[in-house]
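**Student:** Here you go, one structure.
The values are calculated or read from the model by the stated rules, or taken from the named source; none is laboratory data. As the structure is a prediction and not an experimental result, all values here were calculated from the model. Cβ placement follows ideal geometry from the backbone for every residue including glycine, while neighbour counts extend to all protein chains displayed.
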Amino acid sequence: MENPEQPPLFRIPEVDTPSDLRETKPADYGTFKDSLRAPVHSWFRYPAGFSYRFVDAMIDRFGIDRGDWIYDPFSGTGTTLIGSKQQGINGYGVEAHSFVHWVASVKLFWEFDPTALADEVGRILAQAREYVHLRRGGALPAGAFPELVYKCYHPDTLYQLFLLREYVQQGIPDNHLRDLAQLALTDTLRTAAAAGTGWPYIAPNKNTGDKPARDALGLFAKTLTKMAADLTKLPATSAECEIRNVLGDSRQRQALDDGQIGLALTSPPYLNNYDYADRTRLETYFWGITKTWKDITEQFRDKLMVAATTQVVRKRHDVETALSEEVRSVDEHVYTAVQKAVIELSSLRLKKGGKKDYDLMVALYFNDMLLVLQETYRVLRAGGRFCVVLGDSAPYGVYVPTHDLVGKLGLGLGFRRFDYEEFRTRGDKWKANPQRHRVQLREGVVILQK
């Protein structure tokens, strides 16, 4: 990008930290709540994430400093890596969901020329307005999107979004600026919708057709403006560290040396049947990355660790042997507790209308978690900690103390200490639902020390 001498076409406003973000209670550490308004973190609203304040707190608590490495085996949209980069600490993150990994990559690129960024963003917005204005009154080409996308928007809004998509993909030659604009448009999708698109679910039936069109162009401009403003406030120390954002599988060996990591910190999928692959369906449908449920399965769902019944192909497994013998070899008591839950769920599912595969989901979940624990143990240095933000579970009312079982598996692998610190209780808001269990659940952090 060039550094023009003329006054900027577009002025980036000052950004202040909202007062409600200056302090975060531990009860919110496992939520994305404070990240919704935080610079950079807020660029993509992803409720499966955890608090960026938790990352800061653990870095400070365990004395991690520049030159050290932090590892996140489920790096998602980059919460841990962004926190590492902001403090000038090396970070290595692994994410298996390719679209979510792309989001993190965009959020982690800060190497724009700050004196030229205002002009560049100004040009993008001016060209976007002209592009949309010249084509107003047109119509979407047939089959531009899967049916779900049509159901979520007023036709005029969707046409604006389509034009913005065309402009962003074709009209911005610089790769990093194009990624920035593409993420801004991605974040605009849910705020511009006429349907219910609050996370995590999409409710197209809530689009009754009587709501006025939303100004997609204005929402896009507001979002991109904020993103550019965030980029002007980032610390200079970020250039002093190495950040590796890896698209891969944390159940497998990583390109890290034994003992390289000072602190591992993550929030893995909870054992609560949350389908991470499906939660970005609106976004990947809009960009043409996927068009069908099959596409989502092949591109995302099959690559993630098992935490949802939609990932289970029942004919591939036997209930009696689905739980790995490796779990038994690490801790016989953990194996017995998990297998007991698996067998009970196998019987219960036959009495339920949905016959959900919770039994196999539980077995496969602990198989996968063991592999992640093994690799994390390898890369941690002696004395290093693995902080795992985790919630327990009760599928069909069968209580699975996930935090305790994961902690004990860690001890079985060689970690010398396991502590659990509770953040909050969970599940209270579902009490009125007769289909839900009545088991009180918890969320907290498992801390394993090598």
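**Student:** For residues in the range 394-429 being over 25 Å from the mean Cα position of the chain (by Cα) and modelled with pLDDT under 95, which is surrounded by the most Cβ atoms within 10 Å (Cβ to Cβ)?
**Tutor:** The selected residue is Tyr396.
**Student:** Being more than 25 Å from Phe366 (Cα to Cα) and free of Cβ contacts under 8 Å to residues at least 40 places away in the same chain is the filter here; which residues of the range 291-309 pass it? If you could, list the steps in order and put the result at the bottom.
**Tutor:** Residues of the range 291-309 that are more than 25 Å from Phe366 (Cα to Cα), as a first pass: 291-295.
Scanning the range 291-309 gives Trp293, Lys294, Asp295.
**Student:** Which of the following residues is closer than 28 Å to Thr80 by Cα, assigned by TED's automatic domain parsing to the domain that holds Phe220 and of a type outside the set (Lys, Arg): Ala139, Ala118?
**Tutor:** Ala118
**Student:** Right, something else. Quick check on the range 181-225: of everything there that is surrounded by fewer than 21 Cβ atoms within 10 Å (Cβ to Cβ) and among the aromatic types (Phe, Trp, Tyr), which residue is nearest to Asp278 (Cα to Cα)?
**Tutor:** Tyr201
**Student:** Do we find that Arg45 is at pLDDT 80 or above, surrounded by fewer than 22 Cβ atoms within 10 Å (Cβ to Cβ) and under 21 Å from Leu231 (Cβ atoms) in this structure?
**Tutor:** Yes: the conditions hold for Arg45.
**Student:** If the requirement is being among the polar types (S, T, N, Q), in contact with a strand residue (DSSP E or B) (Cβ under 8 Å, 6 or more places away or on another chain) and over 21 Å from Leu373 (Cα atoms), which of these qualifies: Ser75, Ser98?
**Tutor:** Unique residue meeting the criteria: Ser98.
**Student:** Would you mind stating whether Leu265 is crowded, with 22+ Cβ neighbours inside 10 Å and within 20 Å of Thr79 (Cβ to Cβ)?
**Tutor:** yes
**Student:** Something else now. When the range 107-117 is examined, which residues are found to be surrounded by fewer than 23 Cβ atoms within 10 Å (Cβ to Cβ) and within 29 Å of the chain's Cα centre (by Cα)?
**Tutor:** Passing the criteria: Leu108, Phe109, Trp110, Glu111, Phe112, Asp113, Pro114, Leu117.
**Student:** Further question: Quick check: is even one residue across the range 130-152 hydrophobic (A, V, I, L, M, F, W, C), farther than 30 Å from Gln299 by Cβ and buried (at least 23 other Cβ atoms within 10 Å of the Cβ)?
**Tutor:** No, the range 130-152 contains no residue that is hydrophobic (A, V, I, L, M, F, W, C), farther than 30 Å from Gln299 by Cβ and buried (at least 23 other Cβ atoms within 10 Å of the Cβ).
**Student:** Please go through the range 49-75 and give me each residue that is in contact (Cβ under 8 Å) with a residue 60 or more places away in the chain and closer than 25 Å to Lys222 by Cβ, ordered by number.
**Tutor:** Gly49, the sole residue that qualifies.
**Student:** Let me ask you something else. Do you know which of the residues in the range 235-259 that are outside any loop (DSSP other than H, G, I, E, B), out of contact with any Phe, Trp or Tyr (no Cβ under 9 Å at 6 or more places or on another chain) and of a type outside the set (Asp, Glu) is nearest to Leu81 (Cα to Cα)?
**Tutor:** The initial filter retains those residues of the range 235-259 that are outside any loop (DSSP other than H, G, I, E, B), namely 236-240, 243-247.
Within this subset, residues satisfying the condition of being out of contact with any Phe, Trp or Tyr (no Cβ under 9 Å at 6 or more places or on another chain) are 236-237, 240.
Restricting the remaining residues to those that are of a type outside the set (Asp, Glu) gives 236-237.
Numbers: Ala236: 16, Thr237: 14 Å.
Here the residue is Thr237.
**Student:** A further question follows. Starting from the range 198-218, keep only residues that are modelled with pLDDT of 80 or more, then list their pairs with residues that are surrounded by 15 or more Cβ atoms within 10 Å (Cβ to Cβ) and hydroxyl-bearing (Ser, Thr, Tyr) whose Cβ atoms are within a distance under 6 Å, requiring at least 6 positions of separation or different chains.
**Tutor:** Ala213/Thr157; Arg214/Thr157; Ala216/Thr157
**Student:** Select, from Ala382, Ala432, the only residue that is modelled with pLDDT under 90 and either surrounded by fewer than 18 Cβ atoms within 10 Å (Cβ to Cβ) or among the β-branched types (Val, Ile, Thr) (or both).
**Tutor:** Ala432
**Student:** Could you grab the pairs with beta carbons closer than 6 Å, sequence gap of 6+ or different chains, first residue in the range 168-179 and part of a loop (DSSP other than H, G, I, E, B), second one not aliphatic (A, V, I, L, M)?
**Tutor:** Ile172/Arg178
**Student:** State all residues of the range 296-313 that are over 23 Å from Leu370 (Cβ atoms) and either modelled with pLDDT under 95 or among the polar types (S, T, N, Q) (or both); if no residue qualifies, say none.
**Tutor:** If the condition is that a residue be over 23 Å from Leu370 (Cβ atoms) and either modelled with pLDDT under 95 or among the polar types (S, T, N, Q) (or both), then Thr297, Gln299 are the ones that fit.
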